[in-house]
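Have a look at the structure below, then the notes.
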Amino acid sequence: MRLRALLVLIAALAFAASPLLVPGFGGYEPSQFPNPLEDPSVQPAGYAFSIWGPIYLWLVLSAGYGLWRRASDPAWDAARLPLIVSLAVGAVWLPVALASPLWATALIWVMLGGALWALLRTPRKNRLLLRGPVGLYAGWLTAASAVSVGLIAAGWGVPPLGPEGWAFAALALGLVIAVGVLWRLPSPAYGAAVVWALVAVTVRNGADPVGIFAAVAALGIAALTVHVTRKERLGL
């Protein structure tokens with residue numbers, strides 16, 4: 001168990017340091033797609049990516065606490081293996097994204113799978129130090145993975161939908177995953193990350209159809225998060 005706890009910390013530190021490998025990364029470049037995407041409506045406003053700061057910090061603090069105080073705790077250990085996989089892949093994701101959006105999309109879904117698996121295995125105790133950071137990470141990855149699919153499909157001109165159609169499809173995909181996760185495991189941090197992303201899509205698009213859809217979705221996820229969290233606390 002202690003070795004896995006140490007590996008989580010190493011992976012979290014490597015993941016948090018990964019932006020140093022690609023300073024100033026601002027997402028895929030239009031030239032990386034056969035059909036260049038100059039202003040994709042599925043992508044959140046730029047400020048939304050600041051959420052990575054709290055994610056990195058919270059994950060490192062969680063991993064450090066886990067090694068220091070919970071190294072031999074079976075409840076914490078249950079989430080470690082999938083979290084190690086997700087964070088290790090995340091540590092190399094930025095250089096891959098510079099080289100290939102297709103491979104980056106494949107890898108971000110691996111990251112999401114590991115993060116969701118880890119989240120679903122987190123114990124109810126120590127929520128602030130385990131379920132919280134993993135939930136925030138998994139929630140943002142839910143949005144980011146869906147957005148990446150929308151960008152790839154639109155950028156490669158996959159029929160029958162155009163860029164706006166794939167924006168709707170990608171948002172719907174993220175919503176299905178988010179609703180399923182929240183219904184199974186209430187996590188305010190997970191819901192907050194998804195809402196953060198949806199609001200940023202609304203900010204980018206304004207009152208156009210994609211922006212309105214994202215705004216309604218954000219309200220729905222916020223309401224569901226409050227509902228399932230309250231239900232769990234009341235033991236219903």
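Bear in mind that the values in this text are calculations on the coordinates, not laboratory data. Because the structure is a prediction, the values reported are computed rather than measured. Here the Cβ is made from the backbone with ideal geometry for all residues, glycine too, and neighbour counts use every protein chain on show.
Quick notes on this one:
- Summing charges over all other residues whose Cβ lies under 13 Å from the Cβ of P82, with Lys and Arg as +1 and Asp and Glu as -1, gives +2.
- Taking each DSSP H run with n ≥ 4 as -39500 (n - 2.57) and averaging over every residue of the chain yields -23500 deg cm²/dmol at 222 nm.
- Relative contact order of region 1-111, defined on C-alpha pairs under 8 angstrom at six or more residues apart (%): 47 percent
- Environment charge of G162, counting only residues whose C-beta is closer than 15 Å and scoring Lys/Arg +1, Asp/Glu -1: -4
- The GNM of the chain, with springs linking C-alpha atoms under 10 angstrom apart, assigns the highest mean-square fluctuation among W52, W166, W117 to W52.
- Compactness ratio for region 144-190: Cα radius of gyration over 2.2 N^0.38 Å (N = residue count) comes to 1.33.
- Descending by average beta-carbon neighbour count within 10 Å, the peptides 183-190, 128-135, 201-208 line up as 128-135, 183-190, 201-208, the highest first.
- Highest mean first, the peptides 151-158, 84-91, 99-106 sorted by other C-beta atoms within 10 Å per residue fall in the order 84-91, 151-158, 99-106.
- Distances between placed amide hydrogens fall under 5 Å for F33 paired with no residue 5 or more residues away or on another chain.
- Cα-centre dipole for region 78-203 with unit charges at Cβ (Lys and Arg positive, Asp and Glu negative), debye to 20: 700 debye
- Take every Cα pair under 8 Å whose residues are at least 6 apart in sequence, average their separation, divide by the length of region 192-236, and the relative contact order is 36 percent.
- Alpha-carbon centroid distance for the pair region 89-103 / region 207-236, whole angstrom: 31 Å
- Shape class of region 73-196 from the Cα gyration tensor (axes a ≥ b ≥ c, square roots of the eigenvalues): oblate, since a/c reaches 1.5 or more and a/b does not exceed b/c.
- Bins of 5 Å from zero: percent of alpha-carbon pairs in the chain: 1, 7, 14, 19, 19, 16, 12, 7, 3, 1, 0
- At least 27 Å along the helix axis (C-alpha) and Kyte average at least 0.0, DSSP helices within the chain: 101-120, 132-155, 163-184, 209-234
- Across the chain, C-alpha contacts under 8 Å between residues 6 or more apart give a mean separation that, scaled by the residue count, equals a relative contact order of 24 percent.
- Computed lengthening from L3 to V226, 0.36 nm per intervening residue step minus Cα-Cα distance: 76.6 nm
- Dipole check for the chain: with +1 at the C-beta of Lys and Arg, -1 at the C-beta of Asp and Glu, and the Cα centre as origin, the magnitude is about 1340 Debye.
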